[in-house]
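Structure first, then comments.
The values are calculated or read from the model by the stated rules, or taken from the named source; none is laboratory data. Since this is a predicted model, take the numbers as computed values, not measurements. Neighbour counts are summed over all protein chains in view; Cβ atoms, including those assigned to glycine, are modelled from backbone coordinates with ideal geometry. The protein model used for the area step is the full one, side chains on, heavy atoms only, and it has no ligands, DNA or RNA in it. Shrake-Rupley method; radii C 1.70, N 1.55, O 1.52, S 1.80 Å.
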Amino acid sequence: MKKDTLKMSTVGILTGDIISSRSKLTHEWQPMLTGILNQYGKEPTDWELFRGDSFQIRVAADKALKTAIHIKAGIKQITPLDVRIAIGIGLEDHTSNRITSSTGSAFVLSGACFDALKKQTLAIATADNHLDEVLNLILSLASLTMDNWSPATAEAIQNAIENPKMNQEALAKKMKKSQSSVSEALKRGGYDVVMRMEQFFRRQLIET
């Protein structure tokens, strides 16, 4: 992505859908999804559900990957569901009262990235092909772990994301579980490495 363009890229657009949604009734997974989306904005200006099991949300560009990981941690708690998400980083040149009617390069990139998703469940598209190659290689490796999160692991990761200032002892108390079980769940889920990846993503947006 050219430097001038990237510095103007103020939004991240996440386009996603629920994998295996037909195996569950809507009320079994939708409250989890909407509960997380509500933490990042309001419906339908900032996020919206459409086509039954699809969604789109706008967040600040530097929060885009963390938002995607957060959503995945929520949905992975509901077996056998998973989520497929494409992140577009770019401009928003028209803001509508409904996110799905807004336009800009971020929306185009997100949509094209989503259409290109095959077996990979998480991908990023910017206007910089080299940056995309680096980030998507890292995401493909991270997905080997994230796609296999158990419900218990996903629950621990969701709680850690939502309570970044809590230590493991406080998280365990909140979750009504032992500290050792929470610690083991975060370790199994590669939480520390996943968060380092998220920080790397943020740095790339600043430094590129």
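The criterion of being at pLDDT 95 or above, assigned to a helix (DSSP H, G or I) and in contact with a helix residue (DSSP H, G or I) (Cβ under 8 Å, 6 or more places away or on another chain) holds for Leu135.
Of all residues in segment 170-191, those that are open to solvent by 40 Å² or more (accessible area, probe 1.4 Å) have Cβ atoms under 9 Å from Cβ atoms of residues that are of a type in the set (Phe, Trp, Tyr) and modelled with pLDDT of 95 or more, 6 or more apart or on another chain, in Arg188/Trp149.
For Asn159, the conditions (1) part of a helix (DSSP H, G or I); (2) open to solvent by 30 Å² or more (accessible area, probe 1.4 Å) are fulfilled apart from (2).
Scan segment 82-89 and tell me whether some residue there is of a type outside the set (Asp, Glu) and without any contact (Cβ under 8 Å) to a residue 60 or more places away in the chain.
Scanning segment 82-89, I find no residue that is of a type outside the set (Asp, Glu) and without any contact (Cβ under 8 Å) to a residue 60 or more places away in the chain, so the answer is no.
Across segment 86-102, not a single residue is classified as part of a strand (DSSP E or B), under 22 Å from Ala142 (Cα atoms), open to solvent by 10 Å² or more (accessible area, probe 1.4 Å) and in contact with a strand residue (DSSP E or B) (Cβ under 9 Å, 6 or more places away or on another chain).
The rows are residues; the columns are (1) in a helix (DSSP H, G or I); (2) more than 30 Å from Leu49 (Cα to Cα); (3) modelled with pLDDT under 95.
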| site | (1), (2), (3) |
| --- | --- |
| Gln120 | no, no, yes |
| Ala127 | no, no, yes |
| Ser143 | yes, no, no |
| Trp149 | no, no, no |
| Lys173 | yes, yes, no |
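You will find that of Ala142, Ala112, the residue that is touching a strand residue (DSSP E or B) at 6+ places or on another chain (Cβ under 9 Å), surrounded by fewer than 14 Cβ atoms within 10 Å (Cβ to Cβ), under 23 Å from Arg84 (Cα atoms) and among the hydrophobic types (A, V, I, L, M, F, W, C) is Ala112 and no other.
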